[in-house]
Every structure is written in C-alpha cells, then in structure tokens.
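In what follows, a single structure is set out as structure tokens and then discussed.
The values are calculated or read from the model by the stated rules, or taken from the named source; none is laboratory data. Treat the numbers as computed from the prediction; the structure is a model and nothing was measured. Cβ atoms come from the backbone with ideal geometry, glycine included; neighbour counts cover every protein chain shown.
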Amino acid sequence: MSLVRNVGTIGGLTALSRVFGFARDMLLARVLGAGLAADAFQLAFVLPNTFRRLFAEGAFSVAFVPMYTRTLAGEGGEDAADRFASDVLAVFVWVLLGFSAIAMLAMPLIVWLLAAEYQAIPGKFELAVTLSRVTFPYLGLVSLVAMLSGLLNAHSKFAPGAFVPVLLNIVLITGILTGYFLRENGGSDVTVAWSIAVAVTASGVAQLAYMAWATRKAGVKLKLTTPRFTPEVKRLGMLILPATFGAGVYQISQFVDTFFATSLAQGSLTLLKYADRLNQMPLGIVGIALGTAILPMLARHIQSDDRAGAQRLQANAVEIATLLTLPAATALAICAPAFVTAFFVGGKMTGANGAIMADIVVALVIGLPSYVLVKVFQPAFFSREDTRTPVWIAAGALIVNIAINIVVVPIYGIVGLAAATAFTSTLNVITLYTILQLRGWFHFTGKLGSRIVRQIVASAAMGAVLWLLVPTMASRYGGNVFEKIWSLGALCTAGLVVFFGVAYVVGALDKDLLAQLRRRRPAAKAEPVDLSE
C-alpha cells in the first residue's frame, strides 16, 4: 500500500475522531466554562494523555514497530514476530501496572509539581488530585491499545488503530451529558467533572476491548506469559529509554506549558487546551497519519538498503505535510476569532474568554507545519534504531522553550507561552533536518523546494481573501445555528476555492500525487508504491 493510501486511511478515520473530539470540547466548554472544576479536570486529563503520547504512542511505538517489522520480515516470519510481541506484552503489562500504581500514590506530589498555585484556591488542588487518580488508569489501558495498534500497523492494517479515539470521544460525550443531567438535578460543576473523569477510564476499557478483537481478527496470536527478559526485549528497553525523550518533545513541552499555565489566572489552562483543539485538528489528522504510515514503510526501505526509496518516501511525506498544513495554519490564524466564537463561546464560556482563546490559537498555529514535520523527520532516525540523536535535539529545544517561557510568560501571559511552543518546535524541526542532510539520510530536492514555494504563494492568496472576508460576517459567528453554519461555510468554501485554484495555476499540486490518492489499489498488491519527486 502506498504512503498516500495509508495516510488517507489513517487521516480519514483520525478526522472522524477529531470531529467527535471537537464536539466533545464544544459541549464541555459550554457546560463547565473555564472555572475551578474545568481547570481541575483539564489537569487530570492532561496527565494520562501526555504520558500516553510520550511513552506508548511515542517512545514505545517508534522503538517497537521497526523491531517487530524486521522480525516479521525475517526467517521466522509471523511465528517469530508473535513470540517477540508476546514477550514484550508480558513485560509491558507489569511495567504499566507498577508505574500506574506508583503514580497514583504519588499524585499529590505530581499535581503539586505541575500546579502548586492551585493550593491558593480552596478545594481546587484536592479536586485535581482526586480526579487525576480517577483518570490515571486510562494510561495503562491505552498503552496496551497503542501496542496492539503498532502490531496491526506493521501488518499494514491501519484502520483499527485510527478508529479507537472515536470510542474515547463517544464515551466522554456520554460522560459530559450524564454530568450535566446530574448537575441539573441537584449536583454542581464538581459533579460534572467527576462524571467525565470516570468516563475517561471507561473509554480505555472500551478501546482495549475493541483492539483485542481487531488483533485477533487480523490473525495475530498473542499470549500473556511469564515475563522473560529475552535479548530482544532488553534491546527494546535500551531503545525506549532515549526515545522517551526524543520522540516526545512536544509531549514534554505540554508538561512545561501546563506548569506555566497553572501559574496564571484561573481558567488559563482550560483556555489553552481548548485553543489547542483547533490546532490539533490538522495536526492530528496529518501529523499522526504521516508519522504512523511512514515508520513501518521507511523501516522496510532501510532493511532492504533502498536509499533511493527512503528518500522518495520522505520527500513525498514532506510535500503532503506542507500541502495540508501551510493553508491550514494560514486559515486558522486569520479565522481564529470566527471559529472560537462559533464553536466555543456560549453557556459558561464568555466572550472575553473567547477573545483570549483566539489569540492563543494564532500563536499556536504559527508552528503547525513544524509540529507535523517533526512526525516526518523523526522516523528517519527511529527506523535506523537511532533514538539518541533526537534526544539531544529535543533536550536543546526544551531548554530553549523553558528559557523563553521564563521571560515571556510574565509579560505576555498564556499567549506568550503558546508562541514559545511554536518557536521551539520550529527550532526542533530545523535541527532534525540539518542532521539528516549532514548524514545523507534525506535532503530537499529542487523540485520539492519549488513545490513548497508555490504552496506558500497559494496560501498567501487564500489568506488575503480571508483577511478581507472575515470582518464582513462578524455579527454572524455568534448568532443562531443557521448563521454560524452559513458564515463559517462561506469562509471555508472561499478559502478552499482560492487555495486550490491558485495552487493549480501556479503548479503547487503534484498531479501524480493527486492521481495516487484517487487510484484504487488491487487487493493482491502489498508493497508500497513510491512517487517520484
């Protein structure tokens, strides 16, 4: 299956998940607003999710998938791969149980390290600790989900892993509605926060059950045996340690951002997370899809010493990333007030909160192309089992991020924090690419550079039109449902027409790439199809 096919499959299902996630946050913003209970829940939700992205979907996946792929393609075939996966599972389960138990016992200390300022508001710190203990089992459950997803990805079955976040959002929406019903019948905002926290862990159970079924259906045979530290398991552990940092600079920066956000006015953390939801729409759809699809495919090219194939694959991924993120970043930055007003303002979410949120969105999306390109460049290291180099690059970027936050957060508040994240992500990408080029693992071709310049021209033309159009419908974004739909629909339609129209005229669209996206692949073909740059 080709890269663009894999990206299309993953991206389409991830888009479905993002729609449900967006609906979840729209509902949550109106039900809880940006107060004490909302901040406490956001922290409780940040903890297991950041650890999940850092360890399970980050470090574990980038180390495990290449090893499993090579074992699968080796002499032992599926039997050897199943034994390796079973050995890893036997150790992984106990590591997760132990880590989760220790974290839940130490939760007051963890919350204090991230949000000591919560102690200044009666009841806020205690609620954050309690809710964090309720949500933290989700980490262990979803980490097992990530492992099973990695197994299926190595078999070129990307759909189940891309679908499971939909289950999370469905269960959370149910939790929000349940909490709202309970509050209307004598409860409080704390009741709503409790209901959603319970739903987080319940969603982990639902996701694991679904992935266990999908894995069995795919013919992957796993057995939970007595833990054995085989040479392969030990090697995986040695790869995971540095990859924990190198694959998760964005997630680690989330902890840094959380620390600084909780030191600001009440509601700052909540507003940051809602603003990041808009940023996460294209980031999740494009970045996760590209990162998930490229790693096993790149590992196969490296295994067969196909350097030309690896170069083409990465160049295709870069072009797809910029084609989708450059216009998305431009549109989000210009239309942020319209989107925030239409989607989030209402109920307990005030217009003043929405204005701050829009400024945060603008600062975050400046780094949107960089957030996605990190997902393209890091697999070039991980597929070669080089998890050390990204460690040093990530360490430098994180130190710069902290230094900038110390200076800008007291002056510019939560908006300065978001801008610092965007800047350091861009610095991280530039450094990753520089190392790749110096090592001869990847380089920009003249054709790729020319295509990106043309994409920038098309994005600028679209941005100019949106800049003129947004103020003309300002009174409609906060109107009734019909007014919101047609005003935002007009913005999106105008943006798409202008971007793709100009892109076609200036040659920003690779016709071969578009043809590959439309082409149906015969079921018998299993090898990736690379597109020439």
Handout entry: Given (1) in contact (Cβ under 8 Å) with a residue 12 or more places away in the chain; (2) part of a helix (DSSP H, G or I); (3) not basic (Lys, Arg), index of the condition PRO410 fails
Key = (1)
Exercise for the section: Run PHE444 past the list (1) over 26 Å from the mean Cα position of the chain (by Cα); (2) in a loop (DSSP other than H, G, I, E, B) and report the number of the one that doesn't hold. Expected result: (1)
Problem - Number of the exception - ALA116 against (1) modelled with pLDDT of 90 or more; (2) in a helix (DSSP H, G or I); (3) closer than 18 Å to THR262 by Cβ - result: (1)
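Checking the condition over 18 Å from the mean Cα position of the chain (by Cα), among the aliphatic types (A, V, I, L, M) and in the same structural domain as ALA63 (by TED's automatic domain parsing), which residue from LEU167, LEU182 passes? Spell out the reasoning first.
Numbers: LEU167 fails: over 18 Å from the mean Cα position of the chain (by Cα).
Answer to the selection: LEU182.
Can you tell me which residue among SER132, SER156, SER188, SER203 is surrounded by fewer than 18 Cβ atoms within 10 Å (Cβ to Cβ) and at pLDDT 85 or above?
Details: SER132 fails: surrounded by fewer than 18 Cβ atoms within 10 Å (Cβ to Cβ); SER156 fails: at pLDDT 85 or above; SER203 fails: surrounded by fewer than 18 Cβ atoms within 10 Å (Cβ to Cβ).
Answer to the check: SER188.
Within the range 106-121, is even one residue of a type in the set (D, E, K, R), buried (at least 19 other Cβ atoms within 10 Å of the Cβ) and assigned by TED's automatic domain parsing to the domain that holds VAL200? Step through it out loud before you land on a result.
Filtering the range 106-121 for residues of a type in the set (D, E, K, R) gives 117.
With buried (at least 19 other Cβ atoms within 10 Å of the Cβ) added as a condition, the list becomes none.
Taking every residue of the range 106-121 in turn, none turns out to be of a type in the set (D, E, K, R), buried (at least 19 other Cβ atoms within 10 Å of the Cβ) and assigned by TED's automatic domain parsing to the domain that holds VAL200.
Take VAL164 and tell me if it is assigned to a helix (DSSP H, G or I) and surrounded by 15 or more Cβ atoms within 10 Å (Cβ to Cβ). Give the steps one after another, and end with the answer.
Details: assigned to a helix (DSSP H, G or I): yes; surrounded by 15 or more Cβ atoms within 10 Å (Cβ to Cβ): yes.
Yes; evaluated as a whole, the condition is true for this residue.
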Problem - Failed condition for ALA458, given (1) under 29 Å from the mean Cα position of the chain (by Cα); (2) under 30 Å from GLY309 (Cα atoms); (3) exposed (fewer than 15 other Cβ atoms within 10 Å of the Cβ) - result: (3)
Exercise for the section: Assess whether LEU326 counts as being crowded, with 21+ Cβ neighbours inside 10 Å, in a helix (DSSP H, G or I) and at pLDDT below 90. Expected result: no
Completion exercise
Of the residues in the range 346-367, those that are of a type in the set (A, V, I, L, M) and more than 24 Å from the chain's Cα centre (by Cα) number 3
Exercise for the section: Inspect all residues belonging to the range 466-476 and state whether any of them is at pLDDT below 90 and either in a helix (DSSP H, G or I) or loosely packed, with under 15 Cβ neighbours inside 10 Å (or both). Expected result: yes
Practice task
Check off (1) touching a Gly at 6+ places or on another chain (Cβ under 6 Å); (2) outside any helix (DSSP H, G or I) for ASP386 and give me the number that stays unchecked.
Solution key: (1)
Exercise for the section: Exactly one condition in (1) modelled with pLDDT under 85; (2) in a helix (DSSP H, G or I) is not met by LEU222; state its number. Expected result: (2)
Fill in the blank from the handout: Listed by first then second residue, the pairs whose first member lies in the range 336-355 and is on the phi > 0 side of the Ramachandran plot, whose partner is part of a helix (DSSP H, G or I), with beta carbons under 7 Å and at least 6 positions apart or on separate chains, are GLY346/ARG30; GLY347/ARG30; GLY347/VAL31
Problem - PRO379, sole failed condition from (1) surrounded by 19 or more Cβ atoms within 10 Å (Cβ to Cβ); (2) under 22 Å from LYS273 (Cα atoms) - result: (2)
Problem - Only one of ALA329, ALA317, ALA310, ALA352 that is farther than 30 Å from LEU236 by Cα and in contact with a helix residue (DSSP H, G or I) (Cβ under 9 Å, 6 or more places away or on another chain) - result: ALA329
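Output the residues belonging to the range 366-383 that are of a type in the set (Ser, Thr, Tyr) and assigned to a helix (DSSP H, G or I).
From the range 366-383, those of a type in the set (Ser, Thr, Tyr) are 370-371, 383; that's our starting set.
SER370, TYR371, listed by residue number.
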Fill in the blank from the handout: From the option list ARG183, ARG228, single residue qualifying as in a helix (DSSP H, G or I) and basic (Lys, Arg) is ARG183
